[in-house]
Every structure is written in C-alpha cells, then in structure tokens.
Amino acid sequence: MFITFREKSIIELIVRTSGKHTVHSLSSYLDVSARTIQRDLKSVGKMLKQFELTVERTANEGLFIAGKNEQVYRLIQNLTTVTPADETPEERKLKLLVILLHDGPFFKKQVLAGQLGISTATLTTYLDDLTEWLRKYSIDLSRTRGVGVEVDGGEANKRYALGSYILAYFYEEIIESLYFLQQGKNQEEAILGYFSPQYLAMIDQLIDQKINKEQTRLADSDYIGLVVYSCLTLQRTEAGFLLEESYAASATGSEYRLMENICSELQEQLSVQLTSADVHFLSVILKASKVQTADLVYYDSVLLGRLIKNLIRDVSAQLHVDLSGDFSLYQGLLAHMGPSIFRLHQKLESFNPLTDEIKRKYPVLFMAVKQGLENEFKELDFSADETAFIVLHFGSALLMNEEKVQIDAVVICPTGIGTSKMLASRIQKELPEINSVEILSINEFQAAHFQDYDLVISTIRLPVTEVDYIMVSPLLSDRDIGYIESYLQNNVEKIISKKQYLNPENPREAAAAADRPNIQNVLREIKEVQGSMDAILTHFKVINKHLATDHWEVLQEVIEQANRDGLVSDVAAALHELKEREKKGGLGIPDTNMALFHCRDESVQELLFQVIHVDSPLMVKGMDGKRMQMKNLLLMLAPVTLTAREQEILSLISTSLIESDVSMMIFSSSNEKVIRQKLEDIFFDYLQNNLIKE
C-alpha cells in the first residue's frame, strides 16, 4: 500500500476522533492549508476503496470513515506495517520521464532505480507505463539486455510527450504554483522538480499581457498549456536540446508573429537564445488552442460552419431531438472544432481526463456524436478524447433546454468551454432550486465578489481560505449533488437573509409567469433582430466593376462609398482589418467563383452585406489554402461589439452561401433582385422558426 506521511496522519486522526475533525481542524492540526487537506482526502478516498470503506461527513462537516468494523480494523492493521513515502507514483514517473528525456539516450536500470530510490521491479512497472505514453508521441523506449534503456525520438515529440504528461497529471499543481507566483511569493525550489520559478513567472506574465489582455482570450486549460510548453521550450533549448531545422520552414501567420514577439522579450529578459523553430513550435500550440468565449470566434467560417450545421442535424436525427436552431451550440462547436481540426492535422494528442466518465455516463450521446463526426468529417479520424470534448457541447445543449431554477451560484471551472457549460447545465438539472449558474475562469475568480453568490462551486482546489466553496467533479457525481444539497439545506437562513422571500398568492399565476420569458428581454431581442435585418436589406446592393485588375482596389472603392454613406468611419482601418483577416486564412470559397471578405472593426457603424461582381476573374487565396479564380466578391462588415442575435443573423447569411447548389447559383448570379429575395427568405424563415415560435 502506497501512502504519504500526511495521508497516514489524516486517516489515524479521523479514526481516533470519528466525526470530530473537520477539514479546517485537520489543516490547523497538521499545519497545512485546507486545500492541501482536500487534495489528500481525494487520495485517501481512493486508497480506502480497496478496504470497502469511504470518508463521509456529518451534518456539521465532521469527517468519519464509513464501513464495516472488521474492514476498519483491517485498515488499521495495514497502516501499522506500511512505511509512508512523500512522493506519489506519478511524481516519480515524472522524475523518471525528465531523466529519460534530458540525460539520455542510454541508461542502466540499476542507475535509474538508484536515482529514484525505488526497486528495479517498481522501475520496470514505471517504464512499462511510460513506454505506452511515449508511443503515442512516436517516441521509442526500448530495453535491451546488456545495453539498458534507450530513448529514440524527435525533439518536438519529446516536448509534446513531457508537456502533455505534466498537464494530464499535474494541472492543478501548476495552477497553484502560478497563483502563488502571481501573488509575489518566491519559490526557491524547481516547480514539480523541473520548472524554473523565475522562467514560469516571466512567461505567465508575458502571455497574460500579450494574448489574454490584448488578443483573443484563451480557454484556461489552453492558457496553462501554452505557459507549460513555453517554459519547457525555454529550458530544453537552454539545455542544448534543439528542434530540427526543418521544423521552422515557412512559418507565417498571426500566431507566429505573436509568439515571435513573446519569445523576443523572453530572450531579452532571460538571456536565452530561442530559435525560429522554437517560435514555430509555440505558434502551433497557440493555433491549436481554444478560445474562452465562443462569441469571439469568427461567425462566418463558411466551410466549417456548414459541416457543423450538418453535424448538429445528424445528431438531432439520431436522438429525435431538434437542436438545429440552437445557435449557442453552433457557436460553441465553431469555437472548439477549428482548433480541434488543426490539432488533428498536426497530429497533436489532445488529452481528456473525462473521456471514460463521459462514455460511461452518456453512452448513447457519445455514439451519436461519433457517428455524426464520421458522416460529416470523412477525412478526419477523431480520437475518443476529441469526440468526448464535442459530446460535452451537445450534452450542455440537451440539458439547458430543460431548466427551471431559483438560487444564484458561481462555477469556477478551468477545464474548457464545453466542460464549464456541461457542469452548469448539470447543476441546474439536478438541483432545480438553483436559479442561475455563472461560470468564472481561474483568471477571473481572484477579482470576483463571492458575497454576490449563494453558492460557490469549483472543479479544482482554490488557493483561498476565506471563501466557502464546494469542490466537485466536472461531471457532477451523485455524491457531489449530495454535498451541494446538504450545503443549501444547512444555509437556507443565510441565503434568504440576502433576498426578499416572496410567497405568491396565486401559485398558478406564479408558475405561468415563471414559464413565460421576460417580456423586456423578448422586446430587446426583437429590436436587435429587426435592426440587423433592416440594416442588411437597406444597404444591400450588387455592384458591377468593369475592367477590375486587383480586388483590393475594388474593395477600397466600395468602402470609400460606404464611408460617404456614413456606414464606415475609417476606410484605412477597415481595409487593414480585412487584410489581417485574409492573412489568417484564404477567403475564397472552394468550388465556387465567390470569395467572402469580412471583418469586425470599430470603424464599422452598421451591418453591411454587399456583392461586387467583376467581369474578368481575379485570383485570390481559397479557404482550402489553394489559389482560385473569383468573379463575385461578397463583402460583410460588422462592428466589433455584436449581440448574440446579431451574430446569429450574420451566421445565417454566411452558412447559407453554400448550403445547396441553388444557393451557390443565386449568390454567384450577380442578380440583385434574386439575391435580395434569397436574403428575405432566409430572414423570414428565421423569424418564423425562432422569434414567432418562441
């Protein structure tokens, strides 16, 4: 039995004073933080399973071990014979992995066992586990009699293998370390026995400034991932482990420029010479990252948008539930699947710690999504981990359709967009008394006013002691639900004291009012939809440009006219943003003669959609990366700030461009009357199926 000294002390204290010790009293007694006790209790719970015992709580949060007396006696007997250790198997395997990837390529087993302080039998078990892990990253770990252990693989793969292992097993420890570094608490020892605290703090600060505060905000899991890989890259390069030169070939794009800027500052401040291959390696990590909020993603990814709508229809048909009108689901999938597909093309392994639990809890939904992906994305092979991420988005949409609730809660969940929404939806489904569930990222929770919430829930340990919170699994187990129900039941007076407790005279009228949406919200949405549709139809026109030789000259003329019409305040700014958008990927629509040039910019005053027809084809870069001929330039401009309904209206247009052969024929016809009629039909269908039905 493997156990640390502190875990053994916790078990002995709970057994000796059954029901008397709480998490806080144990933390005081053992002189550690409450979050450390919470973490150790999880390990204790897993260990007690082999004795058919569990750690339970009394109504006053006192801890006791539940189970048969003979099993408790057996546990105590085992504790007297075991010698506590202070490192977990995962920590030792990480230490072994670092040695293998830094001191190689040949090792003697006896030397490795001595370095780790373990037996050769235990070392063999660890090597078996790491062989499987490294194989996923095309790294060969071989063992030959007389030679020893040999590691063979490319440098980029070694970085992926080490970084992903740290993120899979030490994610919370990294968050905790970053939090203390942000608070100015200096650490002398290497974090996880590997990372330099100085390097980690500097990288965290730069990525937060250059990306999260100025660019698209990353999902927390990907933010932490970028910090880890950046620090790992810095340390590997400094140690002389350089990436292959071919890895830096033809590196371009906004991600590359952004990482080049960050790496330049790192070089200046830390005096470590990073290569262009290092910059490219990190730009790939950045490009494969998910954004934190779905509405920051471009609403008009035409090709991917069509596939996602088909996927939603496919899954809906399999489940006999219509999710085709759920724009939040579409938007969330659009935000997730762009980076997901990039990861698949780059052969980047995406580790999902919840995959097995998702497959067990939602087997039918998992199968439906897997089948839908195979039907719509025939050239891609989505792993179980990637599929499980997508299942979370559908699970969230299915659950959010059912909710009726009453208390304000906040969820701190850094594992990604889909997981956060799924947890929020599960809480509302399983606990109908909760009225609203707000989601905060790990970066946002420090500035939050927790007194505004009745309930604070987190999926990880929080580095704070002044806030009462409940730690739960991201998929909310039955035990988690019990803990939340118990907390609410024991704090009813505290919750009600902050509110006006109303008891309607007519329960039937109250129920009817609860079912009906807020009339002001409905009117506001109607106004937004009407304004969006009216602006698009009012300013829509087909412009014929004869003898055009350059599409940027054409665009400049059209935007200058829009400026005279009061629709765009700064021609240069709008053109610059369009050029930046084109750099992120081609705008020509493959297998058509159309290109969709679009951007969101502060200079744009109203929504604008126009078609420019040129007599002679012009060459543009297509969305598939290939050069193509274009005769119809579709211009779509929007302000930076858009409501969900406004984004939905623009999405309707962009996804309808290639929804059928008839649509493609209409939008490429250059016939203003026919295209306007098509727009009116799209808008009428939307009104009929959304606002009127709702």
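Data for the structure
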| quantity | calculated |
| --- | --- |
| Candidate lysines for bridging to K185, where Cα separation is under 24 Å - those fewer than 8 sequence places away on the same chain excluded | K210, K213 |
| Extension gain (nm, one decimal) between E56 and L547, 0.36 nm per residue minus Cα-Cα | 168.8 nm |
| Per-selection Rg to Rh, segment 94-228 - Cα, Kirkwood hydrodynamic radius | 1.04 |
| Length added when fully stretched, S663-T144, from 0.36 nm per residue minus Cα-Cα | 180.5 nm |
| Assigned charges on the beta-carbon of Lys, Arg, Asp, Glu; segment 22-164 dipole about Cα centre (debye) | 180 debye |
| Out-of-range pairs (alpha-carbon distance over 24 Å; input K287/K579; K370/K621; K545/K579; K527/K678; K95/K158; K527/K673) | K370/K621; K527/K673 |
| Of the trypsin sites (Lys or Arg not before Pro) in segment 26-114, those whose Cβ has at most 14 other Cβ within 10 Å and which sit in DSSP loop | K68, K108 |
| Dipole of the chain [Lys/Arg +1, Asp/Glu -1 at C-beta], most positive-end residue of S651, M619, L53 | L53 |
| Loop-resident sites, segment 538-604, for trypsin sites (Lys or Arg not before Pro), counting at most 12 other Cβ within 10 Å (DSSP) | K584 |
| Dipole of the chain, positive end: most advanced residue of A168, Q605, T17 [Cβ charges, Cα centre] | T17 |
| Segment 528-631: relative contact order in percent, alpha carbon pairs under 8 Å with at least 6 residues between | 35 percent |
| Whole-percent carbon and sulfur share, accessible surface of the chain, 1.4 Å | 48 percent |
| Charge dipole (the chain, unit charges on Cβ, about Cα centre) - positive-most of Q371, I285, M630 | Q371 |
| Share of Cα-Cα pairs in segment 301-388 lying beyond 18 Å, as whole percent | 44 percent |
| Surface per residue (accessible, 1.4 Å probe) for the chain, Å² | 48 Å² |
| Estimated FRET transfer efficiency when R0 is 60 angstrom, pair T4-Q688 (beta carbons, to 0.05) | 0.40 |
| Whole-number D in µm²/s for the chain (Stokes-Einstein; Kirkwood sum over Cα pairs; 10 °C, 1.306 mPa s) | 56 µm²/s |
| Integer Hz, Karplus 6.51/-1.76/1.60 couplings in order for segment 102-108, x for Gly and Pro | 10, 10, x, x, 10, 9, 9 |
| Pair S271, E438: separation of 7 Å Cα→Cβ label points (nm) | 4.7 nm |
| Segment 618-693: trypsin sites (Lys or Arg not before Pro) falling in loop per DSSP and having at most 10 other Cβ within 10 Å | K626, K693 |
| Distance in nm between pseudo-label sites at S616 and R74 (7 Å out along the Cβ direction from Cα) | 8.8 nm |
| Electrostatic dipole magnitude of the chain [Cβ: Lys, Arg +1; Asp, Glu -1; Cα centre; debye, to 20] | 1320 debye |
| Cut-off under 5 Å, modelled amide H: who pairs with S670 long-range | none |
| Cut-off under 5 Å, modelled amide H: who pairs with V437 long-range | A409 |
| Rg/Rh ratio calculated on Cα atoms of segment 555-694 (Kirkwood radius) | 0.96 |
| Q629-S473 pseudo-label distance in nm [points 7 Å out on the Cα-to-Cβ vector] | 5.9 nm |
| Chain lengthening between A572 and E560 when straightened (0.36 nm per residue, less Cα-Cα) | 3.4 nm |
| Residue-wise HN-Hα coupling along segment 536-553, computed from phi with Karplus coefficients 6.51, -1.76, 1.60 (Hz; x: Gly, Pro) | 5, 5, 5, 8, 5, 6, 9, 10, 9, 10, 8, 6, 6, 10, 9, 5, 6, 5 |
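The values are calculated or read from the model by the stated rules, or taken from the named source; none is laboratory data. Just so you know, these numbers come straight off a predicted model, no measurement behind them. Don't worry about glycine lacking a Cβ; one is built from the backbone with ideal geometry, like all the others, and counts go over all protein chains shown. The area values use the complete protein model at the heavy-atom level, side chains included, leaving out ligands, DNA and RNA. Shrake-Rupley method; radii C 1.70, N 1.55, O 1.52, S 1.80 Å.
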